[in-house]
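S.K.: Have a look at the structure that comes next, please.
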Amino acid sequence: MGKRALWQSDSVDISRVEADLDLTQTLFTEEQIQTRLAEMARQIEADYEGRDILLVGVLKGAVMVMADLSRALNRHVEIDWMAVSSYAGTKSSGVVRILKDLDTDLAGRHVLVVEDIIDTGLTLSWLVANLRSRGPASVEIATLLRKPEALEMPVEVKYVGFDIPNAFVVGYGLDFNEKYRNLRSIGTLAEHVYS
Ligand code: 5GP
């Protein structure tokens with residue numbers, strides 16, 4: 001089974017080697033991702049009973065999570081998107097710029113930010129402050145993946161799919177230089193690809 005202790009979830013299968021796709025390990029299979037998103041959806045449905053939800057996604061990484069999480073929800077939701085500048089390569093810069101703003105007025109809305117991954121949380125802290133300044137009824141966060149540093153972030157993340165160790169991951173929306181977003185699973189990229 002390999003280095004199972006590296007990963008906090010017992011259900012993670014890291015035994016598959018996808019050398020041909022430059023991945024060293026598959027961390028989460030398509031099935032594991034869908035199962036976890038369905039669990040998150042049940043929790044969200046319960047928490048938001050009687051309240052309209054506006055799902056806000058951040059392009060481009062959150063596209064797959066948004067598509068699957070929104071369809072896992074057995075209720076009406078609205079969906080809107082923002083695009084913010086992100087860094088090239090594998091390190092967070094903390095520099096955030098709005099490239100595309102929401103089409104929706106947030107006044108009085110229950111906003112649920114849908115994220116693919118939270119690393120340092122710099123992007124998200126900025127985003128939440130920005131959204132809160134627009135007078136919403138509430139702002140909460142759902143993320144599929146969370147890295148250790150994010151635990152020290154002042155912003156509370158209400159829904160977390162998987163906590164993962166510090167490693168650069170790709171697939172299921174997550175890219176390396178715009179590639180690998182279309183993988184159905186999530187894995188770590190071999191160092192030779194980016195070094
Ligand atoms: P943060 O501001 O939390 O450090 O970084 C947030 C953004 O950095 C994510 O939305 C994502 O675009 C990118 N990012 C952080 N960690 C990873 C990673 O392991 N893989 C990929 N592909 N992107 C990451």
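The values are calculated or read from the model by the stated rules, or taken from the named source; none is laboratory data. Remember, it's a predicted structure, so these values are computed and weren't measured experimentally. With ideal geometry, Cβ positions are generated from the backbone for all residues, glycine too; neighbour counts draw on all protein chains shown. These area figures cover heavy atoms from the full protein model, side chains too; ligands, DNA and RNA do not enter into them. Shrake-Rupley method; radii C 1.70, N 1.55, O 1.52, S 1.80 Å.
S.K.: Mind listing whichever residues of the range 96-116 are in contact with a helix residue (DSSP H, G or I) (Cβ under 9 Å, 6 or more places away or on another chain) and open to solvent by 40 Å² or more (accessible area, probe 1.4 Å)?
M.R.: I98
S.K.: With the condition kept exactly as written, say whether any residue in the range 11-28 is modelled with pLDDT of 90 or more, more than 19 Å from I117 (Cβ to Cβ) and open to solvent by 70 Å² or more (accessible area, probe 1.4 Å).
M.R.: no
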